[in-house]
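What follows is calculated from the coordinates using simple rules that are stated; it is not laboratory data. None of the values given here were measured: they were computed from a predicted structure.
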């Protein structure tokens, strides 16, 4: 009989239709990142993740989930809500990218500038932020991260398994290569 898997190394909440997916919509190797828009390590990982997505084009399904840590990053929750408000207007990934490209500036003024740059319906965007329309969705992401026993951000799951990147993002690339079928 096999020993039970260590629950702290597995993605606790499966990818679903509400997740923000980039790359292969169905199938492919799934990469899930839990990130905080105000986290310096997440901002540093952003360009490397973009390169990995390009490198393994048509083989990956990349998912971003919010894991803001407001005790350390006071604007992270608002940034997550702003990304969700942009998602409601079909612009999650452009907002995601703008926030990380302009890190560490994620205050309300910067988020509003990003929304205007993306030509969002500003009245809707501002009303949804003021009413915290997407706060519950962000909390669901946080809860799924807690259930997955996250210790910090960014955290990556490759094929449902946690990848320790504490010694660099090369480990993420190596994990992807191990999980993808080898070319003949």
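One quarter of the surface of the convex hull around the alpha-carbon atoms of the stretch 83-135 equals 3.2 nm², the direction-averaged projected area.
In the Gaussian network model of the chain, springs joining C-alpha atoms below 10 Å, which of 18, 162, 172 carries the largest mean-square fluctuation? Between 18, 162, 172, it is 18 that shows the largest mean-square fluctuation.
When shorter helices are ignored and each DSSP H run of at least 4 residues is given -39500 (n - 2.57), the per-residue value for the chain at 222 nm works out to -13500 deg cm²/dmol. Computed over the stretch 127-181, the convex hull of the alpha-carbon atoms projects to a mean area of 5.3 nm².
For the chain, with equal point scatterers placed on the C-alpha atoms only and solvent neglected, what are the log10 I(q)/I(0) values from the Debye formula at q = 0.08, 0.16 1/Å, to two decimals? Scattering profile of the chain, log10 relative to I(0): -0.25, -0.98.
Short-range pairs are left out: with C-alpha atoms under 8 Å and at least six residues apart, the relative contact order of the chain is 32 percent.
Here the stretch 14-86 is treated as a Stokes sphere of Kirkwood radius computed over C-alpha pairs; at 10 °C and 1.306 mPa s its diffusion coefficient rounds to 122 µm²/s. Computed from Cα atoms, the angle from the helix 108-117 axis to the main principal axis of the chain rounds to 90 degrees. Given N residues in the stretch 93-184, what is Rg(Cα) / (2.2 N^0.38 Å)? Working it through for the stretch 93-184, the quotient is 1.43. Compared with the dominant Cα axis of the chain, that is its longest principal axis, helix 92-101 is turned about 90°. Once the Cα atoms are used to define both axes, helix 135-147 deviates from the longest principal axis of the chain by about 20 degrees.
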